[in-house]
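> Here it is, the structure, as structure tokens.
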Amino acid sequence: MKEVARQARAGGRIVGLVPTMGALHAGHTSLIVRAKRECSPVIASIFVNPKQFGPNEDFAKYPRTFESDCEKLKQAGVDALFAPEAAEVYPKSFSTYVHVEGLSERLEGRSRPGHFRGVTTVVMKLLQIVQPHRAYFGRKDAQQARLISQMARDLNLDSEIVVCPIVREPDGLALSSRNLYLNPEERKAATVLYQSLELAKKELEAGERDALHLQSGVRRKLASERLAVVDYVEIVNAEDFEPVARVSKAGYVLLAVFIGKTRLIDNLYLEPGSPGSDELAFHL
Ligand code: AMP
């Protein structure tokens, strides 16, 4: 992979990288489409990273659909696929980790101890191996994207981190490889994540800015679904993901919810308006 990437860069071309864990869906292909607009060649990676799964999480049963993934990548026009084995990525002697302090401990990090250390470590390795000009991530995993941007800045990486919008099913459910775990009843119930965020969006558009009020609306909606068990609902600023009391600048309404045994996350992005203005736009 290093040799392929080296040759690509030597030609003066703009190399794009789209890291994934496979089980590809339209959310992943949206990253590839964006990368194709801005880079050539576009390299995708598939690696189910054992280090970002906790001992009681779903590493063993995480969906692996390599053959159909390859087909999708070909159709999307990806130029190269990097799909290393775990033993190659983490040989027995492996002992160096990347940890982004603070941000890694909150929200997803609190619910999934060690998760982000695994994420930043593997993404650092991918960025080192491929050395892309640009690397593409989804806002579906907003905290992850923020952490990776922070790591790239702190460690003076040459790769630009590009964050792309969430792709959803027609009924609003954010695409996720873990949606494959849902049975038909759970799949129906899972739309409550989107519906609760849509409620917050409507209230924000009507001028509501009190975080507690917005949060309780979201919680009430989630509680109306029998199969939903809330892990967290938080309204945070976009910089360090600390909770805010009032919505006044860029941030997120973030949620993590169990539907049956499946843990799903989603968010509403509070996007800053033009520089100098207090205006916000709300993106699901
Ligand atoms: P994963 O394979 O789940 O690790 O995801 C690989 C990349 O795709 C990450 O940057 C995710 O944020 C992104 N991604 C996953 N689901 C979506 C989605 N529904 N919309 C946009 N990007 C997504």
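The values are calculated or read from the model by the stated rules, or taken from the named source; none is laboratory data. Owing to the predicted nature of the structure, the values given are computational and were not obtained by experimental measurement. Backbone-built Cβ (ideal geometry, glycine too); neighbour counts: all protein chains shown. The area values use the complete protein model at the heavy-atom level, side chains included, leaving out ligands, DNA and RNA. Shrake-Rupley method; radii C 1.70, N 1.55, O 1.52, S 1.80 Å.
> Six or more apart or on different chains, Cβ under 9 Å: which pairs go from a residue in region 259-284 that's at positive phi to one that's of a type in the set (Asp, Glu) and modelled with pLDDT of 95 or more? Could you list them?
Between residues of region 259-284 that are at positive phi and residues that are of a type in the set (Asp, Glu) and modelled with pLDDT of 95 or more, the close pairs are GLY260/GLU185; GLY260/GLU186.
> A further question follows. Limited to region 142-160, what total is found for residues that are near the ligand (Cβ under 10 Å from one of its atoms) and surrounded by fewer than 20 Cβ atoms within 10 Å (Cβ to Cβ)?
Counting residues in region 142-160 that are near the ligand (Cβ under 10 Å from one of its atoms) and surrounded by fewer than 20 Cβ atoms within 10 Å (Cβ to Cβ) gives 1.
> Of these, ARG106, ARG134, which one is within 15 Å of the ligand (Cβ to nearest atom), open to solvent by 40 Å² or more (accessible area, probe 1.4 Å) and over 17 Å from ALA174 (Cβ atoms)?
Every option except ARG134 fails the conditions.
> So, one more: VAL98: farther than 28 Å from ARG168 by Cα and either touching a residue at least 40 places away in the same chain (Cβ under 8 Å) or in a helix (DSSP H, G or I) (or both), yes or no?
yes
> Can you tell me which residue in region 165-183 is least open to solvent (accessible area, probe 1.4 Å), limited to those that are under 12 Å from ILE259 (Cβ atoms) and not in a loop (DSSP other than H, G, I, E, B)? Lay out the reasoning, then the answer.
Here is the first cut: in region 165-183, the ones under 12 Å from ILE259 (Cβ atoms) are 173, 176, 178-179, 181-183.
Applying the additional criterion that residues be not in a loop (DSSP other than H, G, I, E, B) yields 178-179, 181.
On the way: ARG178: 46, ASN179: 24, TYR181: 55 Å².
Restricting to residues being under 12 Å from ILE259 (Cβ atoms) and not in a loop (DSSP other than H, G, I, E, B), the top hit is ASN179.
> Applying the selection to region 1-38, what residues are within 12 Å of ASP79 (Cβ to Cβ) and near the ligand (Cβ under 10 Å from one of its atoms)?
VAL18, ILE32
> Looking only at strands (runs of 3 or more DSSP E) that lie completely in region 1-89, which have at least 2 residues being open to solvent by less than 20 Å² (accessible area, probe 1.4 Å) and either over 26 Å from GLU108 (Cβ atoms) or at pLDDT 95 or above (or both)?
Hits in region 1-89: 16-20, 42-46.
> Check region 88-102 and report whether any residue there is more than 22 Å from ARG139 (Cβ to Cβ) and within 16 Å of the ligand (Cβ to nearest atom).
yes
> So how many residues does region 229-253 have that are within 21 Å of the chain's Cα centre (by Cα) and small (Gly, Ala, Ser)?
3
> What pairs can you find where one residue is in region 136-149 and at pLDDT below 95, the other is within 10 Å of the ligand (Cβ to nearest atom), and their Cβ atoms are less than 8 Å apart, with a gap of 6+ or different chains?
none
> May I pose another question? Look through region 209-264, keep the residues that are of a type in the set (S, T, N, Q) and open to solvent by 40 Å² or more (accessible area, probe 1.4 Å), and return whichever of them is nearest to ILE148 (Cα to Cα).
SER248
Yes/no per residue for (1) outside any loop (DSSP other than H, G, I, E, B); (2) within 16 Å of ARG209 (Cβ to Cβ); (3) out of contact with any Leu (no Cβ under 7 Å at 6 or more places or on another chain):
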residue	(1), (2), (3)
LEU222	yes, no, yes
ASP231	yes, no, yes
GLU234	yes, yes, no
TYR252	yes, yes, no
LEU255	yes, no, no
ARG263	yes, no, yes
LEU270	yes, yes, no
SER277	no, yes, yes
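> Report whether or not LEU173 is of a type outside the set (D, E, K, R) and more than 27 Å from ALA80 (Cβ to Cβ).
When the stated conditions are applied, LEU173 passes them.
> If GLY118 satisfies all but one of (1) within 13 Å of the ligand (Cβ to nearest atom); (2) under 25 Å from GLU169 (Cα atoms); (3) part of a helix (DSSP H, G or I), what's the number of the condition it fails?
(2)
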